Amino acid sequence: MPHATGRVDAARAVVFAPLDGSGRAELVEQRLTDAIVSGVLHDGEKLPTESDLSRSFGVALVTAREALESMRDKGLVETRRGRVGGSFVTFDRDAASRLIDRRLGDLSRIELRDLALHVEAIAGMAAEVAAERASADDVENLVRLAAASDLSTGGGARRAVSRFQLEVAAISQSPRLVREEIRLQSEAGPLLWMCLADQEYRDRSAVARTRVIDAIGRADAQAARAATTAHIDGAFAWLVDERARRDATRRRFTPRPRSRRPAHDDDGDEIGR
């Protein structure tokens, strides 16, 4: 499997793959929104037509139309008329941030843990198998990828994590692991890696990649898996703490309803009794 080409095409293929289960408009919207927030679909990019989307996702035309209408209302897509018209991605960083914040608020701690476990299962297995199958060239490519990472911003750090984990999955030589890694990056990545907004966690992430590379270079499958899952565990712990901080802030600034006490006369007797 090639390790340096076809990644964007593979990611896009997963974005527009048929949906599992019932083809509700919310599922179409979620798939496209995740792809926009994670950067698979870029600002200004033209989306497939409604009929093409319905065929790709295996849903009714009206379902694709409803999903696009909802995304337009949220400022994620705009529709232009005319010969070169269509639906185009409008990536608004503020809107994307609000979407991620809303999703964090909608998920319970149990749901967050389940999400992290799923990511760990896929990324951990990919690292384990990669350690067993990696060539010297594969390891050198991981070193170059880590060295070229832009850790100056949260967005750059998230892209670094995404590219690195995808490369490790490719080294495993498992097309299924690659597809699932891409899907999870779109679904869970923007939420799970919110911690990378902090420089401390960007530095931790760089150290974690170094440990994974070292384990893969030594063909130590268990160490590669352990370093990968520890990295994800750290991101999950931050996410749970962040959820708790936001809940506490919300409670602090939410006015409490005033208690309705019965009125009393001058003698202290309750009026109306």
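The values are calculated or read from the model by the stated rules, or taken from the named source; none is laboratory data. Model, not experiment: these values are computed from the prediction. Ideal geometry is used to build each Cβ from the backbone, glycine not excepted, and the neighbour counts take in all protein chains shown.
A few remarks follow.
- Test: Ala127 is touching a residue at least 60 places away in the same chain (Cβ under 8 Å) and assigned to a helix (DSSP H, G or I): yes
- Note on segment 177-219: among residues that are of a type outside the set (D, E, K, R) and not in a helix (DSSP H, G or I), the one that is surrounded by the fewest Cβ atoms within 10 Å (Cβ to Cβ) is Ala219.
- Residue within segment 82-100 that is in contact with a strand residue (DSSP E or B) (Cβ under 7 Å, 6 or more places away or on another chain), crowded, with 16+ Cβ neighbours inside 10 Å, of a type in the set (Ser, Thr, Tyr) and modelled with pLDDT under 90 present: yes
- For the residues Ala116, Ala136, Ala146, the requirement of being within 30 Å of Thr249 (Cβ to Cβ) and either outside the structural domain of Ala35 (by TED's automatic domain parsing) or modelled with pLDDT under 90 (or both) singles out Ala116.
- Annotation note: Cβ proximity below 7 Å between a residue of segment 42-57 that is at positive phi and a residue that is outside any loop (DSSP other than H, G, I, E, B) (sequence gap 6+ or interchain) occurs for Gly44/Phe88; Gly44/Val89.
- Candidates in segment 154-205 are the residues that are modelled with pLDDT under 85 and either in contact with a strand residue (DSSP E or B) (Cβ under 7 Å, 6 or more places away or on another chain) or β-branched (Val, Ile, Thr) (or both); of these, the one that is nearest to Arg133 (Cα to Cα) is Val178.
- Some residue of segment 57-73 being surrounded by 13 or more Cβ atoms within 10 Å (Cβ to Cβ), under 25 Å from Glu242 (Cα atoms) and within 20 Å of the chain's Cα centre (by Cα): no
- Residue within segment 163-183 that is closer than 21 Å to Ile100 by Cα and of a type in the set (Gly, Ala, Ser) present: no
- Considering segment 220-257, and only residues there that are more than 15 Å from Ile122 (Cβ to Cβ) and aromatic (Phe, Trp, Tyr), the residue that is surrounded by the fewest Cβ atoms within 10 Å (Cβ to Cβ) turns out to be Phe253.
- Residues in segment 1-46 that are at pLDDT 70 or above, touching a helix residue (DSSP H, G or I) at 6+ places or on another chain (Cβ under 9 Å) and among the small types (Gly, Ala, Ser): Ala17, Ala25, Ala35.
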